[in-house]
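Trainee: I have a structure here, written as structure tokens, and I will follow up with some questions on it.
Any read-out appearing in this document is the output of simple, stated calculations on the displayed coordinates, not a laboratory observation. Just so we're clear, the structure is a prediction, and the values are computed from it rather than from any experiment. Methodologically, a virtual Cβ is constructed for each residue, glycine included, from the backbone with ideal geometry; neighbour enumeration extends over all protein chains shown.
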Amino acid sequence: MNDKYITIVSDASVMAARQKGRELAMAVGIAGSDLTLLATAISEVARNIVQYAGRGQIEFHHVVRGSKRGLMVIARDNGPGIADISQAMQDGFSTSRGMGMGLPGARRLMDDFDIVSEVGKGTTISMTKWEY
């Protein structure tokens with residue numbers, strides 16, 4: 001399977017990434033409510049790209065760990081970056097007027113979650129949902 005990339009620039013591309021993630025997840029055996037959790041996490045990180053960076057990319061990769069298959073989602077932008085990742089990962093923290101559930105919510109919805117960010121250079125979030 002070829003890995004997939006979606007450029008994120010608007011709400012329409014957020015929805016396209018969400019749908020593509022669901023399709024690719026089903027292809028590796030992810031089903032039921034896990035599809036909704038995955039799609040919601042994709043929406044959260046993609047909306048952050050639109051809101052804070054204006055443009056970025058979501059990549060999808062089928063991954064294998066032992067006998068399990070999963071879908072890795074990588075959200076990448078060249079935006080302003082996050083000065084304090086630990087603060088940004090706290091429920092309720094927001095630099096906008098949002099509820100502050102985006103990044104911590106995405107972390108809870110996925111099985112694996114990692115974030116790397118550098119002020120002035122951008123942010124990369126890697127998250128994986130595994131089949132069960």
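Trainee: Please give every one of the aspartates and glutamates within straight-line cross-link reach of residue 68, meaning a C-alpha to C-alpha distance under 12 Å, and leave out same-chain neighbours fewer than 8 residues apart.
Mentor: Result set, ordered by chain and number: 131.
Trainee: Using modelled backbone amide H atoms (1.01 Å from N, in-plane), which distant-in-sequence or interchain residues come within less than 5 Å of residue 4's amide H?
Mentor: 60
Trainee: Under a straight-distance cross-link criterion of Cα-Cα below 19 Å, which lysines are reachable from residue 20, leaving out those fewer than 8 residues away in the same chain?
Mentor: 4, 129
Trainee: So, one more: Would you mind checking the tilt of helix 33-48 against the longest principal axis of the Cα atoms of the chain, expressed as 0 to 90 degrees and rounded to 10?
Mentor: With rounding to tens, the tilt is 30 degrees.
Trainee: Let me ask something else about it. For 10, 43, which order do you get if you count the other beta carbons within 10 Å of each Cβ and list the fewest first?
Mentor: In order of increasing Cβ crowding within 10 Å: 10, 43.
Trainee: For the chain, take the convex hull of the Cα atoms, compute a quarter of its surface area, and give me that in nm², please.
Mentor: Orientation-averaged projected area of the Cα hull: 7.6 nm².
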